[in-house]
Amino acid sequence: MVAVTGGTLIDGTGGPPRPGAALLIEGERIVGITDKDIPAHAQRIDVSGRYIIPGLMDANVHLFVCITPPSSFGMTVSTSAHRGSGSGHLEKRPATVFDTWGPRQALTRTRDRINRGEIPGSRIFCAGNIIGLGGPTSPDFFPQSRAVMSKAKADAIDAQWEQGVGADLLWMAPEQVRQKIRPI
């Protein structure tokens with residue numbers, strides 16, 4: 001157990017800041033907040049003069065930062081999803097991120113690796129492509145990118161984003177759209 005002590009806790013509940021509150025952590029989870037009773041076996045980390053803000057969420061991230069494909073087609077997830085710049089239990093990253101536009105299969109693979117403990121990272125919720133829109137090289141986003149890459153590569157990139165929920169949905173009846181986007 002780790003006790004982060006001495007700082008001013010802002011818990012996100014709307015209550016006033018709590019000077020001197022201790023944040024108790026076991027493993028990678030916050031297990032409690034106390035103003036006085038810190039277990040004797042807890043490792044103490046003094047953060048006097050600082051603020052403690054646990055569990056921040058970033059509700060609009062795009063973990064893929066580069067759409068340009070390498071010479072043999074494939075893309076990688078930006079390290080922003082799993083970059084930890086601190087040490088031990090105090091890493092400087094949001095606890096949770098919501099990726100609102102990206103290639104869903106690649107994002108879910110990264111999310112699953114984080115969840116299995118294979119790589120460190122934020123909890124990821126991902127939506128995939130914006131329903132009814134094309135991929136990143138489509139007229140909906142960056143069509144000029146098609147001028148610098150082959151049609152096959154541009155189509156492959158768009159297919160990774162669209163995954164069956166692209167612009168073709170605009171021409172379907174509501175029930176057809178519901179069936180198409182329903183999770184498997």
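Would segment 169-176 turn up any residue that is touching a residue at least 40 places away in the same chain (Cβ under 8 Å) and assigned by TED's automatic domain parsing to the domain that holds PHE64?
No.
Do we find a residue being surrounded by fewer than 16 Cβ atoms within 10 Å (Cβ to Cβ) and within 13 Å of TRP101 (Cα to Cα) anywhere in segment 136-158?
no
In segment 1-49, what count of residues is obtained for those that are among the basic types (Lys, Arg), surrounded by 11 or more Cβ atoms within 10 Å (Cβ to Cβ) and in a loop (DSSP other than H, G, I, E, B)?
The number of residues fulfilling the criteria is 0.
List the pairs whose first member sits in segment 157-168 and is in a helix (DSSP H, G or I), whose second member is modelled with pLDDT under 90, and whose Cβ atoms are under 6 Å apart, counting only residues at least 6 apart or on separate chains?
If the second residue must be modelled with pLDDT under 90, the pairs left are GLN160/PRO103; TRP161/PRO103; TRP161/ASN129; GLU162/ASN129.
Can you name the residue in segment 171-184 that is surrounded by fewer than 13 Cβ atoms within 10 Å (Cβ to Cβ) and within 24 Å of PHE64 (Cβ to Cβ) and, of all such residues, is nearest to the chain's Cα centre (by Cα)?
The residue in question is PRO183.
The values are calculated or read from the model by the stated rules, or taken from the named source; none is laboratory data. Computed from a prediction, not measured in an experiment: that's the story for all the values here. Quick reminder, even Gly has a Cβ in these numbers, built from the backbone with ideal geometry, and neighbours come from all protein chains shown.
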